[in-house]
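Notes for the one structure printed next.
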Amino acid sequence: MGDDVTTLRRVPGFRAYWSAATVSSFGSAVSAVAVPVLVVTVLHASPLEVGLVNAAQFLPYALFGLIIGAYVDRFRRKPLLIWASVGRGVCLGAIPVLWSTGLLNLWVTAAALFVFGILSVVGFAATQSLLPRIVPRSLLLAANARVDQSDAAAQTAGPALGGVLVSIATAPFAIALDAVSYFVDAVLIARVRVIEQQPARPAGTRLRRDIAEGLRWTYGHPMLAPLALSTHLWFLANAAGLTVFATLALRTLALPAAVYGGILALSGVAMLLGATAAPRLGIRFGAGRTIIAARAAYPIAWAAIALATVGIAVAAPPATVVVLFAAFAVHGLAAGCENANEMSLRQTVTPDALLGRVNGTMRSANRTLAAAGAVSGGALMTVAGDGVALFAVAIVFAGAVVVAMSSPLRTNSGR
């Protein structure tokens with residue numbers, strides 16, 4: 001692993017790519033605290049409205065994900081990523097501007113996040129497909145782990161910074177920082193050294209055919225298909241869980257914004273540790289087995305949150321807060337261990353000409369289910385209470401484990 005890291009440092013273009021991802025991750029981590037606080041405490045949204053606003057940024061994946069994934073394979077990926085970053089900066093920057101003029105409301109916020117989501121579809125399909133053009137495939141696990149480490153560091157410091165900024169200044173001000181991070185991201189991506197030829201398309205190639213090819217590869221491949229289905233369930237459960245937890249923590253348990261940010265920050269510390277261990281685990285046990293083991297931790301963590309908070313309708317006692325910190329630490333550790341292995345497995349088994357479509361297909365389905373999870377989590381919490389909603393989240397996470405364990409992923413051994 002040490003040799004891979006040394007070699008990776010010598011790859012032209014990777015340092016700028018990595019720096020861009022790091023800056024963007026820090027900004028997004030701040031918004032992870034600021035947006036829920038804005039929606040819940042500034043705009044006074046109900047649990048269902050929180051779910052609807054969260055769903056707004058995921059809905060574009062359902063509407064445009066497959067189409068955009070196909071188009072990403074038709075164009076050079078670096079320019080697409082630059083303009084997607086600029087557009088996302090503009091969308092987020094509009095929120096604090098509208099707030100300062102008194103024009104911001106719940107539905108305007110949802111609209112801004114919806115457009116942000118459209119550009120994120122482009123950005124993520126491009127960035128996940130650009131990395132294999134910068135880094136040799138033998139170094140993809142190390143490269144993805146390095147990006148994950150930066151993301152985990154951002155998840156550590158960003159939420160804490162976001163909580164402090166929200167407490168001292170305002171949630172819109174914290175969101176403005178994320179907007180700036182996307183402009184910096186665009187400048188850094190522009191400096192990435194990579195040679196990209198305009199992809200050649202056979203005469204008469206239709207968009208529908210391109211989309212169908214991406215779907216067949218994603219859901220017909222013996223390794224990718226169960227990985228995709230398991231990941232889809234993960235996104236459904238995760239979006240529902242975070243939606244329920246935001247309202248539970250900030251309203252029912254009356255946690256200060258700084259404590260809420262601290263919980264997310266600890267998850268980031270654990271994610272950093274997991275991302276650091278991910279390459280060694282993937283090499284030792286195989287990507288598939290590492291993914292399965294990591295996913296087995298999620299239902300345990302969310303069941304613990306449900307048990308610790310059931311019946312509490314006032315400020316949370318210290319013991320409950322400790323459980324919340326511990327559960328999110330487990331959640332972060334599992335995410336760090338599995339993410340680089342999942343992404344590297346997908347990038348390794350997929351031909352470069354199909355990467356945009358496979359990434360677009362996966363992210364489209366993932367975010368569609370995330371939108372459904374955000375809405376259903378808020379709705380279930382409204383109808384049945386936070387305890388039932390949290391136990392439902394744990395059950396869906398368990399379903400993701402079962403799908404992965406019942407597939408060839410369990411035989412994917414290390415080298």
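Nothing in this text is a laboratory measurement; each read-out follows from the coordinates by a stated rule. Predicted model, so just to flag it, every value in this text is computed and none were measured. Please note: Cβ atoms are built from the backbone with ideal geometry, for glycine as well, and neighbour counts cover all protein chains shown.
Of note:
- The phi torsions of the range 275-290, fed into the Karplus equation with coefficients 6.51, -1.76 and 1.60 and a -60° offset, translate into couplings of 5, 5, 7, 3, x, 5, 5, x, 6, 6, 10, x, 4, x, 5, 5 Hz, rounded to whole numbers, with Gly and Pro shown as x.
- Around the Cα centre of the chain, unit charges on the Cβ atoms of Lys, Arg, Asp and Glu (plus for the first two, minus for the last two) sum to a dipole of about 1300 debye.
- Cα gyration tensor category, rounded, prolate or oblate, for the range 1-80 with a/c compared to 1.5: oblate
- Helix 171-190 vs. the chain, principal-axis angle (Cα, 0 to 90°, nearest 10): 10 degrees
- Each Lys or Arg adds one and each Asp or Glu takes one away; over the other residues whose Cβ falls under 10 Å from the Cβ of ILE291, this sums to +1.
- Cα centroid separation, the range 164-194 to the range 259-305 (Å): 26 Å
- When MET223, MET271 are sorted by how many other C-beta atoms sit within 10 angstrom of their C-beta, beginning with the fewest, the order is MET223, MET271.
- Taken along the Cα-to-beta-carbon direction at a fixed 7 Å, the label points for VAL108 and SER46 span 2.3 nm.
- This ranking places ASP178, ASP210 by how few other beta-carbon atoms lie within 10 Å of each, fewest first, which gives ASP210, ASP178.
- Gap separating the Cα centres of the range 347-415 and the range 115-136, nearest whole Å: 20 Å
- Listed residues ALA400, SER364, ASN341: farthest to the positive end of the dipole of the range 273-415 (Cβ charges): ASN341
- Helix 355-384 axis, angle to the chain major axis (alpha carbon atoms, nearest 10°): 10 degrees
- Estimated FRET transfer efficiency when R0 is 25 angstrom, pair ARG191-ARG10 (beta carbons, to 0.05): 0.90
- Crossing angle, helix 386-405 versus the chain [Cα axis fit, 0-90 degrees, rounded to tens]: 20 degrees
- Here the residues MET405, MET343, MET381, ranked from fewest to most Cβ neighbours within 10 Å of their Cβ, fall in the order MET405, MET343, MET381.
- Subtracting the Cα-Cα distance of LEU98 and ILE67 from 0.36 nm times their residue separation leaves 8.0 nm of extension gain.
- Farthest toward positive dipole pole in the chain [+1 Lys/Arg, -1 Asp/Glu at C-beta], among LEU281, LEU215, GLY117: LEU215
- Phi angles of the range 240-250 translate, via the Karplus equation with coefficients 6.51, -1.76, 1.60 and θ = phi - 60°, into HN-Hα couplings of 4, x, 5, 5, 5, 5, 4, 5, 4, 5, 7 Hz per residue; Gly and Pro are given as x.
- The range 361-415 shape via C-alpha gyration tensor axes, a/c threshold 1.5: oblate
- For the chain, calculated [θ]222 nm from helices alone, where every DSSP H run of n ≥ 4 adds -39500 (n - 2.57): -27500 deg cm²/dmol
- Shape of the range 56-168, Cα gyration tensor, a/c cut at 1.5: oblate
- Among ALA153, ALA353, ALA287: highest mean-square fluctuation, GNM of the chain, C-alpha pairs under 10 Å: ALA353
- Between ALA319 and VAL180, residue separation times 0.36 nm minus the direct Cα-Cα distance comes to 46.2 nm.
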